[in-house]
Structures are given as C-alpha cells and as structure tokens.
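Written out below as structure tokens is the structure these notes cover.
None of the figures in this text is laboratory data; all of them are computed from the coordinates on show. Every value quoted in this text rests on a predicted model; they were computed, and no experiment measured them. Note: ideal-geometry Cβ built from the backbone for every residue, glycine included; neighbour counts use all protein chains shown.
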Amino acid sequence: MDDGKLLPLLLLQALQFPSHKGAELDAMDQNDINYDDDGEDTSEMSATSNKKGMSLDMYFKVHGINLEDEEDEEDKENELDDNANDVGSGGQTSNEGTIKKKTLGKTTCKKLHATDFNDRREVVFFQGKPVGPTNEVVSDLNQLLGTTVRNPRFVTLLYTSWHGVPNKLKEDMCEYANQKFTLRISSKPWVMRGFCGAWKKYKREIKKEHFVKYNRKKEMIKNRPLDIPEVQFRKLIRYWSLPAIKAISAKNTENRLKQTCPHRMGSINFGIVRKQLRDSKENSEKPSRAEVFIATRTSKKGKEIDAKTQATITEL
C-alpha cells in the first residue's frame, strides 16, 4: 500500500479506535494543541528540579549564564556601529528610521475588563468547552483570557514555558475570569488551558515581530514592544539567542510543518461544532469523532481542500 492511501487509513483507524493519547488530544481545545512554545526548553533542568519550566532568571542561574558579560559585548558592538555611522554620515547625526508608522492599537477590551461583578454573564459549556449562550459571550470570554495574559499585572513572559508560571499567578487569573463571567467549577480546566494557549500565542507573536524579524540586538531593542520593559525584553532576547533554545525552536518548527489535515475553524472551538452536530440530529445523539473531523475540515467558503485532507474525508 502506497503512502497516499496509508495515511487516510491510519487516521480513520485512530478516529474509530482512539488511543489514550488520541483521546487526550480530543479532550483539549484545538487551539491549545497549536500553541507550542518556540524554544521551550524542558530537556535540561537542574538536578533538584522536577518542573518542566522555570523563570528566565532561574534558567540563567542554573546554566551559569551571566547577563553582564553580554552587556559588555553589546557596548563594544554599539561603539563600532556608532563609529561606522559617523564615517558614513560625515560626523552628522541622522534621525532616519526613528519615525514609526502609525498603526491600530492593540485590543485591550477595556469595557470587558470593567464589567461589574453583578453584571457577569453566565457561560454555557458543552463537553468541557464554552458554546454559549451566544457566540458573542464565547468570543468575549476568549478575548478576556487573551488580554489578561498580556497584562503584566497578572503575568509576564519571563518564563521558559507556561509550566514555569507560578500556580499562584494562574489561580489569580482564574479567579479574575470568575469575576467577569459566571463560570462553573467544572469549567476551570478549560479556563486554565485557555490562559495557557493565550500566553503561548502572545509569546510567539512577540518573538516573531520583535526578535526573528531583526538580525542585530540593537535593532531588536530599538523596535521592542512598548508594553514590555526594556530590562525584561533584553532577557527574552538573551534566552531566545541561546544555541540550545534556537535548536529546540527549529525542531518545533519542523514538527509543525509535518502536521497534516489542518482544521478550518479558526478560533471557533470544537465544542461549538460538536453541539451543532448533536442538535442537528433527531435523537440528539453525540457526534462521532469522524463526523467532527469532517465538519471541521470542510471549507465553508468554497476553498479547495488539500489532497491529504480530501483523501481522508473520502475514506471516512
């Protein structure tokens, strides 16, 4: 059997007879699966640490990394750059590149965060995921989680992974979400995963727009995100610049490129899809994993489906 026919068959078997790992992934929101940390280092922990993550300060300490040494090298590099600029400009200072193009500000959802405790809206969950009572409520909840992790009052990006964020901070964020929405106790696992996914997404965006885009540290600092203090951003640059972290990041990117049959639901969680499929049946029967797979991979806008996904859907 050639590889083209083998892949759909294996996926079909996995959907019909889910392994422990498959069932575990199915219980998670699809966005959580996609939000892998770029450069999350879990391979080299201290002998006494049993955690999968830690603060950047602790990481630097464990690995004997001295930030002051890098600052000395940076000073020398800047001096060389300044001398080169003086020669190129005839000794005159240039302001070129200091004017930034005006862009739309980041979503802060001020009205949402100003919600009074007595005005909270209840969120309806189905199979562990928010599905209503309206799409607007679900969207607002997701926006609350996303803007909360971007607020340094709650958490910063100065951790090797979400696992390194202290539980106290996670519990405080969860409690904050409960102050803005009426959330049942059973919804806490999803809320925690939502914060995790939002934090990872934010970290990945900062790295892409303010680190990967530039080749020199001086340019990174010049174009740093204004909502992250320079002292904190310097630590992120140092961490992302480490050879070990670059290697892990490259491996994560390689693994993501191997993923097949991507879903087409965007930010819509699969819980809403499952509920819609169940409600469309006369006996309100729970949809099968195969039905969910087809519904989330079929284009709603008439866009062409890639060959592997189409072959899998045909097999199902």
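Summary of values
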quantity	calculated
FRET efficiency, 1/(1 + (r/R0)^6) with R0 30 Å, evaluated for residue 276 and residue 179 via beta carbons	0.50
Gain in span if fully extended, residue 66 to residue 209, counting 0.36 nm per residue against the direct Cα distance	48.9 nm
Cα-projected label distance for residue 241 with residue 285, points at 7 Å along beta-carbon direction, nm	6.1 nm
Full-stretch length increase - residue 134, residue 188 - with 0.36 nm per residue and alpha-carbon distance subtracted	17.5 nm
Label-reachable residues, the stretch 230-259, where backbone N falls under 17 Å from a point 7 Å from residue 169's Cα toward its Cβ	230-240
Efficiency of FRET between residue 226 and residue 111 - r from beta-carbon atoms, R0 30 angstrom, step 0.05	0.85
